[in-house]
Structures are given as C-alpha cells and as structure tokens.
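The values are calculated or read from the model by the stated rules, or taken from the named source; none is laboratory data. Just so it is clear, the structure is predicted and the values come from calculations on it, not from any experiment. Here the Cβ positions follow ideal geometry from the backbone for every residue, glycine too, while neighbour counts run over all protein chains shown.
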C-alpha cells in the first residue's frame, strides 16, 4: 500500500452544475478531491483518474482545493437573484467533513462565503462525519441549510467493514439527533442498500427505526451500484468475503431483486411516515 498522499492544490472552478437528470440540486461544491474515509462501495472512486490515481487508490489520497473559498465568492456573485431558488450540494464526489476538514476548514470557509454573500438559495450536505456539528453556528446563519448523513447499518462493526475510516454509524445517528435538536433540517441517505437486508428484513426495519428515532423525517434510499470499476475495487478490498455474500451482491443488480427490495422499502416508509425523496428507491444506472 502506498503512503497516504495529501496535496494542496489550486482549482480552476468550484461550482459544478448538476449532470444528473433527477438531481435535487443545481450545483455541487467539492472542496476536496479524494476522500480519506475510503468506503469500499464508493462510486466516486473514479475521481482518482483526475489526479493520476487508480480506482484502488481511493481512500489513500486527498487533494485540498486551497482556493475553494475565493473561487466560490466569485462564482456565487455571478448567480442571478443571489441564487434564490437554487441549491448547492456539499459534496458529490467527496465528503465535505472528512478528517482533513478539521485542519483546512475549507468547507467552513465556503459556508462563511455563502453567509457573507447573502446566498438566497438552499445549501444541502451529505456526510458521514459528526464534524459537521462544529459548524452549527454558520449553518444557522444560512437562509436554508439541511444536513444529511449516510446510514447503511445500525451496527458499527458493519459500517467499519465497508466504510473503513469513516466515523461509526452510532456517531452519525447522534449527530443527526443533535442537529434536529438545534432545529437544523436533517435527512438520511440510506444507501447503498447492502444486499443482506433482503434476507434479513428485521435488520432493515431496525435501521429505519433508528433513523426515525433521531428526528429524521425525510430519506433517500439507493440500491448498490456495481458498475465495473466499483466491482473491481470491491473484489480487491473484500477478497476474503464469504462467496455466498458475493452472490447476494450480484443478485442485487437484477430487476426482480430490486423490485422486491423496493417493496420492502415502501412498506417501511409507510410504517414510519417518512417522505421518500424522488419518490422512489434510486438506482444509479437509471439516473444518468
């Protein structure tokens, strides 16, 4: 394994228009390239090729865009009506609150730029880190902010296995509870749906209940993405995985399997009174 590579770089732009046809946001803002959390299923591992890395290097490099706040200040100033009606998402191909954010504070500085610019739109986050709690003071100054946490299990040992260096899921649930108490809007991203849930519906029910119990009322749910480059990385990272579990991974890509899984999800959505965003269980290959 190569040593962890940290580099400070200058970016050319910071606001990227959405390229997904069903996206709930207009722009994404990624203060970093790469992510130390190194989740084995992460679709963003393709970003390695942008900086001369391989897919299997995901989690072993982070490039910090040191001029991100300055770029954001310039680009937000160009938005009509101070961005009213627009949504900026932190972040589409990195985690805005990965560990290096504690040092560089690029996400926090970008938020401060939006406050100073009186950005009139919405700012939404998706993270696996309770470091977001550090920025509650700035979040409250935005016109509208919401924070989402990725929740793939209620078992810290499972989250550690698939999400190597991310904070445990128990810390994420506690963070959602704290944000709810601070009257900041929250949501949960339940995805990818790990295949074992279809044979253990009780575990999936426990996950939905845990999310509900910390005050979350809106969720996204997404099927596992087994695109070629992700499958290659999973096979390398999880080479000791039980072969029968691999069969579940492959089966999860079939239409019949997804339909059965979606029915389970809809039952749980109804049971707990959630709003299912995009009104469906997402499948990456259908969102391009």
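Values as computed for the structure displayed
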item	result
Matching residues, the range 91-112, being surrounded by fewer than 24 Cβ atoms within 10 Å (Cβ to Cβ) and either over 21 Å from the mean Cα position of the chain (by Cα) or not in a helix (DSSP H, G or I) (or both)	91, 92, 93, 99, 100, 105, 112
Whichever residue in the range 239-288 is surrounded by fewer than 10 Cβ atoms within 10 Å (Cβ to Cβ) and farther than 17 Å from residue 191 by Cβ and, among such residues, is modelled with the highest pLDDT	273
Per-region count, the range 182-221, residues surrounded by 19 or more Cβ atoms within 10 Å (Cβ to Cβ) and either within 14 Å of the chain's Cα centre (by Cα) or without any contact (Cβ under 8 Å) to a residue 24 or more places away in the chain (or both)	11
Residue ID - surrounded by the most Cβ atoms within 10 Å (Cβ to Cβ), chosen from residues in the range 140-165 that are in contact with a helix residue (DSSP H, G or I) (Cβ under 7 Å, 6 or more places away or on another chain) and within 22 Å of residue 24 (Cβ to Cβ)	149
Qualifying residue in the range 199-206 (condition: part of a helix (DSSP H, G or I), at pLDDT below 85 and under 30 Å from residue 57 (Cβ atoms))	no
Residue ID - farthest from residue 41 (Cα to Cα), chosen from residues in the range 232-279 that are assigned to a loop (DSSP other than H, G, I, E, B) and touching a residue at least 12 places away in the same chain (Cβ under 8 Å)	273
Of the criteria (1) over 19 Å from residue 208 (Cα atoms); (2) not in a strand (DSSP E or B), which one residue 145 fails	(2)
For residue 123: the one exception among (1) touching a helix residue (DSSP H, G or I) at 6+ places or on another chain (Cβ under 7 Å); (2) in a helix (DSSP H, G or I); (3) at pLDDT 95 or above	(2)
Residue list for the range 166-176, restricted to those being surrounded by 15 or more Cβ atoms within 10 Å (Cβ to Cβ) and free of Cβ contacts under 8 Å to residues at least 60 places away in the same chain	167, 168, 169, 171, 172, 173, 174, 175, 176
Qualifying positions in the range 36-57 - touching a helix residue (DSSP H, G or I) at 6+ places or on another chain (Cβ under 7 Å) and within 15 Å of residue 99 (Cβ to Cβ)	39
Residue count, the range 36-57 (criterion: over 16 Å from residue 191 (Cβ atoms) and assigned to a loop (DSSP other than H, G, I, E, B))	5
Odd one out for residue 187, checked against (1) outside any helix (DSSP H, G or I); (2) within 20 Å of residue 102 (Cβ to Cβ); (3) in contact with a strand residue (DSSP E or B) (Cβ under 6 Å, 6 or more places away or on another chain)	(2)
